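The structure under discussion appears below in the form of C-alpha cells.
The values are calculated or read from the model by the stated rules, or taken from the named source; none is laboratory data. Being a predicted model, the structure only gives us computed values, none of them experimental. Note: ideal-geometry Cβ built from the backbone for every residue, glycine included; neighbour counts use all protein chains shown. What goes into the accessible areas is simple: the full protein's heavy atoms, side chains included, and nothing from ligands, DNA or RNA. Shrake-Rupley method; radii C 1.70, N 1.55, O 1.52, S 1.80 Å.
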Amino acid sequence: MTLPPSLIWRSDHLDLLDQRCLPQQEIRLKLRTPESVADAIRAMAVRGAPAIGLAGAWGLVLAARQGRELPEAASMLRASRPTAVNLAWALDRMLEASSSDPERLALVAGRLADEERERSERLVAHGVRLVPEGASVLHHCHTGAIATGAGVGTALGVIAAAHRQGRLRQAWLDETRPRLQGAALSAWELQQLGVPCTVLVDGASGLLMRQRRVDLVMVGCDRVADNGDVANKIGTYNLALVARAHGLPFYVCAPRSSIDTATASGGAIPIEERPAREITHWRDTAMAAPGARIWNPAFDITPAELVTGLITEDGVLRPPFPGGLGQALDRIGSTRACDQAGA
Ligand code: MRU
C-alpha cells in the first residue's frame with residue numbers, strides 16, 4: 001500500500017493533503033496564495049517539521065506567481081509557526097536563490113523536496129542499525145512520510161525499515177495529546193505499511209518501561225540547538241526522563257533541515273502556544289469544565305544530556321558536543337565526503 005503524497009505542485013497551485021481529516025478522509029486542498037499556505041500551516045492542515053518547510057517553499061512560489069514582494073511574503077509565512085526551524089530554513093533557501101521568477105523558484109522548491117527525500121532515506125539507513133533484533137520501539141507524535149512531505153519519514157521511517165528487515169517486534173505509539181498525531185496519523189501510516197503497532201496514552205510510557213515491554217525510544221524533532229537540546233512535540237521531555245530512569249536508549253531523528261546551529265541552546269528556541277480549544281474540545285465536543293484555565297504549549301525541550309544519539313542523514317552523533325553541534329556535523333560531513341571520494 002502506498003501513502004498519498006502530502007504535497008504536490010500543480011504548476012498553478014499547491015495540492016495539499018489535509019492531515020486534519022486523516023485517517024477518516026483523504027481530503028486535498030488547492031492552495032493558490034501564500035496566505036492560504038500560511039493558514040494551512042497555522043491550522044495544522046500540513047504539519048511535521050519537514051513538510052511545513054516544503055509547504056513554505058511552495059508558498060513563496062505562489063507569491064512570485066502573483067508578483068508579490070518575496071521578503072514580505074517570506075516573513076508572513078515564517079510567522080505562521082515558530083518552533084520548527086525547517087520553515088525558516090526552507091524560506092531562507094528560497095530567498096538565497098535571489099530570483100523572483102516563479103519558474104526558477106519552482107525548480108528550487110522541487111530541489112528542496114528532492115533533498116528532503118534523499119535526507120530521510122539516508123537518515124533511516126543509519127537509524128535502522130540502532131534497532132536490535134526483536135526490538136520493541138516507543139514513538140511519540142508523528143514522523144512518517146506524510147510529516148516529511150517527501151521521502152520515507154524519520155523515526156517512523158526507521159521503524160518501518162526495521163520491520164521490513166524482520167528485526168522489529170512491534171512499535172508502541174504514544175497517542176500524543178492533544179492533537180492525537182500518534183493515534184490518528186502514526187497508527188494509520190504503520191497500518192498501511194503492515195507494521196505491527198499498539199497505541200497507548202502518553203502517560204502509560206512509565207508503566208510500559210517498568211514492565212520491560214520496550215527496548216528503546218525513537219522520536220523526531222522540530223529543532224535541535226547547537227548544544228544538542230531538542231525541541232519536539234510536548235511530552236517528549238517526559239518520555240526522555242522516564243527512559244533515562246529505566247536505562248533505555250532515547251534516540252532523536254534529526255535531518256539537517258531541523259538542526260539550528262545558530263541557536264545556542266534549547267532555552268532560546270521559541271515554544272509555540274496553541275489555542276485553548278485544542279484541549280477543551282475534541283472537534284466540536286466540549287470536554288473540559290466550562291471556564292477552566294488552559295495552558296497549551298505545543299512543544300517542549302529535551303536537554304542534550306538525556307539524548308543517547310541524534311540520528312542524522314550523515315550518521316549518528318552522541319552528545320555532549322563541547323565544540324557545538326555545528327562542529328560535530330562538519331566532522332561527520334567531511335568523513336562522508338572522504339568515504340564518497342574513496343568509493
Ligand atoms: O505540531 P506538529 O504536529 O507539527 O509536531 C510535529 C512533531 O513534533 C514531529 O515530531 C516533528 O515535526 C518531526 S516530523 C518528522
Loop sites in region 217-312: trypsin sites (Lys or Arg not before Pro), DSSP, at most 12 other Cβ within 10 Å: Arg283, Arg293
Any idea which of Leu16, Gly333, Ala268 is furthest toward the positive side of the dipole for the chain, if Lys and Arg beta-carbons carry +1 and Asp and Glu beta-carbons -1? Leu16
May I ask which residue of Gln191, Pro297, Ala57 lies farthest towards the positive end of the charge dipole of the chain, with charges of +1 (Lys, Arg) and -1 (Asp, Glu) on Cβ and the Cα centre as origin? Gln191
Can you tell me the convex hull volume per residue for the chain, based on C-alpha atoms, in Å³ to the nearest whole number? 145 Å³
In deg cm²/dmol, rounded to 500, what helix-only [θ] at 222 nm does the chain give when every DSSP H run of at least 4 residues adds -39500 (n - 2.57) and the total is split over its residues? -11500 deg cm²/dmol
What net charge do the residues around Arg223 carry, taking every other residue with its C-beta under 15 Å from that of Arg223, with Lys and Arg at +1 and Asp and Glu at -1? -2
Taking only protein heavy atoms and a 1.4 Å probe, what accessible area per residue, in Å², does the chain have with all protein chains in place? 42 Å²
For the chain, what % of the accessible area comes from carbon and sulfur atoms, probe 1.4 Å? 51 percent
Can you list which of the GluC sites (Glu not before Pro) found in region 99-188 are DSSP loop residues with at most 13 other C-beta atoms within 10 Å? Glu133
GluC sites (Glu not before Pro) within region 33-98: DSSP coil, no more than 13 neighbouring Cβ in 10 Å: Glu69
Note, Ile259: beta-carbon cut-off 9 Å, +1 each Lys/Arg, -1 each Asp/Glu, net 0
Hits for the chain under the membrane-span-like helix rule (DSSP H, Cα axial span at least 15 Å, Kyte-Doolittle mean at least -0.5) are 49-65, 85-96, 325-342
